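K.L.:
Take this structure first; my questions come after.
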Amino acid sequence: MSEPLVIIGNGMAAVRLVEELAKHALGRYAIAVIGDEPRLAYNRVLLSSVLAREVSKAEIELRPAQWWRDRGVTLLYGQSAAATAIDAGIRRVRLATGATLPFSKLVIATGSKPIRLNVKGMDLPGVLTFRDLADVAAIEDAASGGRRAVVIGGGLLGLEAAYGLAKAGAEVTVVHLMDRLMERQLDPTAAAMLKRAVESKGIAVELSADTAAISGDGRVEAVELKDGRTLPADLVVVAAGIRPNVELARGAGIEIGRGVLVNDQLQTSLPGIYAIGECAEHRGACYGLVEPAYEQARALASYLSGGDGAYRGSVLATNLKVSGVDLFSAGDFLGGAGSEAIVMTDPGLGSYRKLVIKDGKLTGCVLFGDTNDGLWYLELIRSGRSIETIRNDMMFGRALAARADKTVAA
């Protein structure tokens, strides 16, 4: 008989895990996937494109219902089917209906939830988060008629929300606590270029701006900053970060740090129970990006299929279009002691490229504008290979570097 394997969470990590298991262990497991959103799994990376009306909700669906059926997966989703508890002792997951699902192996892929600021007014109507399709629908409704919107947070999600709102006709201001946008992905030069690009699209940006309160009489009217300024607002979108969704794991007695603690086999503190994606903490790191979740899914599928499946951690890389601008960053893009940076910039073209080198290896990069060589640079960072033979040419991309070193595929 097939071994019962239950995956809690119906997001991008869960889909990738099922894809990988179908390749390597089809028939070995009877898979059940539990999700609490009332729809099939979709690509969260494209939420801003939905908000901006560049793609439809249907277009971001990852796999149709038939795809799941063809792989013999039992798919349960919606609030009535949501997992409410894990009983590790009797190896069952309890659902909101009161029913239970047995498991031999369990994968927790519950993702993360948006951080809500601890300030006055967060419970006012018109204060929303930006994390799922329900949030997109609420923002679309609240932003109708070209209203004034304040987005709190100048990271990835905040800028994506701002871009979507602006495209939908809202008057948008981004409020960011730090001194530059996307400080986790960009160095100061690239962040300054991004700020100019965002502002050129009619989006106002306030940096080093700490939110003190959200005010209004029964509904949002303004965002108050700690420096005394007040920003009028009919709508506030809070995109100030995420935190791992660990409540189910904690309730089961699984060890928790910031996220669900896992080892190199993605195993939690309880046997036969694993965690992947944004809810997992591996070697002190919680990853809030899609690619590490995919890498964890591939590693876990290998392990559950009888392979080595060791996950050693991820080199963080960001490759996306923010407010219509192409960005890419990877590795240690700031550089530290013993490192050096090679920089090329063309303000006229809005292009910037920075490569960080240490001990004869590429350790980080930032690309703004032209990101075509981003994945090649990422390969160099991950491989740890010497770049000495292409050092003088690599700044100009893979094709030119290939002429200097025949081992580089053009």
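The values are calculated or read from the model by the stated rules, or taken from the named source; none is laboratory data. This is a predicted model, so every value here is computed, not measured. No Cβ is skipped: glycine too gets one built from the backbone with ideal geometry, and neighbour counts run over all protein chains shown.
K.L.:
Hey, could you check the range 241-254 for residues that are touching a helix residue (DSSP H, G or I) at 6+ places or on another chain (Cβ under 8 Å) and outside any loop (DSSP other than H, G, I, E, B) and say which is modelled with the lowest pLDDT?
P.N.:
ILE242
K.L.:
Could you pull out the residue among GLU340, GLU388 that is at pLDDT 95 or above and acidic (Asp, Glu)?
P.N.:
Unique residue meeting the criteria: GLU340.
K.L.:
Take the conditions of a type in the set (D, E, K, R), at pLDDT 95 or above and either surrounded by 15 or more Cβ atoms within 10 Å (Cβ to Cβ) or assigned to a strand (DSSP E or B) (or both) and apply them to GLU224. Does it pass?
P.N.:
Yes.
K.L.:
Further question: Determine if the range 137-152 includes at least one residue that is under 17 Å from SER48 (Cβ atoms), within 27 Å of the chain's Cα centre (by Cα), loosely packed, with under 15 Cβ neighbours inside 10 Å and of a type outside the set (Gly, Ala, Ser).
P.N.:
So far as the range 137-152 goes, yes, one or more of its residues are under 17 Å from SER48 (Cβ atoms), within 27 Å of the chain's Cα centre (by Cα), loosely packed, with under 15 Cβ neighbours inside 10 Å and of a type outside the set (Gly, Ala, Ser).
K.L.:
Considering only residues that are of a type in the set (S, T, N, Q) and modelled with pLDDT under 95, which ones fall in the range 346-367?
P.N.:
Within the range 346-367, just SER351 meets the criteria.
K.L.:
Does the range 371-403 hold any residues that are charged (D, E, K, R) and either more than 22 Å from the chain's Cα centre (by Cα) or part of a helix (DSSP H, G or I) (or both), and which are they?
P.N.:
GLU379, ARG382, ARG385, GLU388, ARG391, ASP393, ARG398, ARG403, listed by residue number.
K.L.:
Test SER314 against the criterion of being touching a Lys or Arg at 6+ places or on another chain (Cβ under 8 Å) and polar (S, T, N, Q), and give yes or no.
P.N.:
No.
K.L.:
Is it the case that the range 35-55 has a residue that's without any contact (Cβ under 8 Å) to a residue 24 or more places away in the chain and in contact with a strand residue (DSSP E or B) (Cβ under 7 Å, 6 or more places away or on another chain)?
P.N.:
no
K.L.:
Follow-up question, since we're still on this one. Out of (1) surrounded by 17 or more Cβ atoms within 10 Å (Cβ to Cβ); (2) more than 30 Å from VAL198 (Cβ to Cβ); (3) without any contact (Cβ under 8 Å) to a residue 60 or more places away in the chain, the odd one out for GLY331 is which?
P.N.:
GLY331 satisfies all of (1) surrounded by 17 or more Cβ atoms within 10 Å (Cβ to Cβ); (2) more than 30 Å from VAL198 (Cβ to Cβ); (3) without any contact (Cβ under 8 Å) to a residue 60 or more places away in the chain except (2).
K.L.:
Here is a follow-up. Going by the structure shown, is ASP370 at pLDDT below 95, closer than 23 Å to ALA191 by Cβ and touching a Ser or Thr at 6+ places or on another chain (Cβ under 6 Å)?
P.N.:
Answer is yes for this residue.
K.L.:
A further question on this structure: Any residue at all in the range 171-184 that is under 25 Å from SER56 (Cα atoms), of a type outside the set (S, T, N, Q), in contact (Cβ under 8 Å) with a residue 24 or more places away in the chain and in contact with a Pro (Cβ under 6 Å, 6 or more places away or on another chain)?
P.N.:
Checked the range 171-184: no residue is under 25 Å from SER56 (Cα atoms), of a type outside the set (S, T, N, Q), in contact (Cβ under 8 Å) with a residue 24 or more places away in the chain and in contact with a Pro (Cβ under 6 Å, 6 or more places away or on another chain).
K.L.:
Would you check which residues across the range 118-143 are touching a residue at least 12 places away in the same chain (Cβ under 8 Å) and in a loop (DSSP other than H, G, I, E, B) and list them?
P.N.:
Scanning the range 118-143 gives VAL119, GLY121, MET122, LEU124, PRO125, GLY126, PHE130, ARG131, ASP132.
K.L.:
Could you list, in sequence order, the residues of the range 341-361 that are within 22 Å of GLU183 (Cβ to Cβ) and either in contact with a Cys (Cβ under 7 Å, 6 or more places away or on another chain) or of a type in the set (Asp, Glu) (or both)?
P.N.:
Listed by number, the residues that qualify are LYS354, LEU355, VAL356.
K.L.:
Among what's in the range 80-117 and is over 28 Å from the mean Cα position of the chain (by Cα), touching a residue at least 24 places away in the same chain (Cβ under 8 Å) and assigned to a loop (DSSP other than H, G, I, E, B), pick the residue that is surrounded by the fewest Cβ atoms within 10 Å (Cβ to Cβ).
P.N.:
The extreme case among them is SER104.
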